[in-house]
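The values are calculated or read from the model by the stated rules, or taken from the named source; none is laboratory data. These numbers come from a predicted model, not from an experiment. As a convention, Cβ positions derive from the backbone with ideal geometry for all residues, glycine included, and neighbour counts pool all protein chains shown. For accessibility, only protein heavy atoms count, side chains too; no ligands or nucleic acids. Shrake-Rupley method; radii C 1.70, N 1.55, O 1.52, S 1.80 Å.
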Amino acid sequence: MKKEKTRNELSLWVDCYTQDLYSWALHKVSNTELAQDLVQDTFLAAVEKAGSFKGDSSPKTWLFSILNHKIIDHYRKKVNQPSSFDNQLFSMFFEAGGEWQETRKPKEWIDEQDEQVLDDPEFRKVLQHCLDALPDQWSTSVKLKYLMEKKGEEICQELGITPSNFWQIIHRAKLQLRDCVETKWFI
């Protein structure tokens, strides 16, 4: 009888919460197939752990907690893949003395008529393309910091990297993102 009740509850949860979980996952990973897989993994984990759900929180809160752990695990796996830190990136932007190369100085991104560039679907598409073009470790670090709004210390702990390594990754990723956006958006 208890198994049947648990099965019915889980079926109800799938019906009620799938769309919210999917929307959240898609927001965090920006990939439809991956978001679907993460939601599916969330429900599989919920089935395995159904006996441990005590009802201290709502089922939705519990499922979102599982999903957030799945998202973090996904990014953690990506970050642990090796990537090279190339000093050529800096020489692309800066002179030997540390000054910006004249042709690489940052451009103005916003004019008076286009103050809400993040509301522009075409700009968001370019930005997503540029994020995807980053090395996995860089992209993951940027997404955790700016999309998931995690603190640097928390990201370092989750990814097993030092604070200086993290800030170096963020700095290099922002340089490369800026170059990519300026190349693709301001043609």
Exercise. Does residue 33 satisfy the criteria of being at pLDDT below 85, closer than 30 Å to residue 179 by Cβ and of a type in the set (D, E, K, R)?
Worked result: no
Exercise. Taking segment 144-182, which residues are open to solvent by less than 80 Å² (accessible area, probe 1.4 Å), under 17 Å from residue 123 (Cα atoms) and out of contact with any Pro (no Cβ under 9 Å at 6 or more places or on another chain)?
Worked result: 147, 177, 179, 180, 181
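Table: residues versus (1) assigned to a helix (DSSP H, G or I); (2) within 18 Å of residue 75 (Cα to Cα); (3) at pLDDT 85 or above.
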residue: 96; (1), (2), (3): no, no, no
residue: 108; (1), (2), (3): no, no, no
residue: 124; (1), (2), (3): yes, no, no
residue: 131; (1), (2), (3): yes, yes, yes
residue: 177; (1), (2), (3): yes, no, yes
residue: 181; (1), (2), (3): yes, no, no
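Take residue 39 and tell me if it is touching a Phe, Trp or Tyr at 6+ places or on another chain (Cβ under 9 Å), part of a helix (DSSP H, G or I) and either aliphatic (A, V, I, L, M) or at pLDDT 85 or above (or both).
yes
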Exercise. Quick check, is residue 104 surrounded by 11 or more Cβ atoms within 10 Å (Cβ to Cβ), at pLDDT 75 or above and not aromatic (Phe, Trp, Tyr)?
Worked result: no
Exercise. On the given criteria, is residue 14 in contact with a Leu (Cβ under 8 Å, 6 or more places away or on another chain) and either at pLDDT 85 or above or closer than 20 Å to residue 150 by Cα (or both)?
Worked result: no
For this session: Just give me the residues in segment 15-27 being closer than 23 Å to residue 53 by Cβ and surrounded by 16 or more Cβ atoms within 10 Å (Cβ to Cβ), in sequence order.
Result: 17, 18, 21, 22, 24, 25
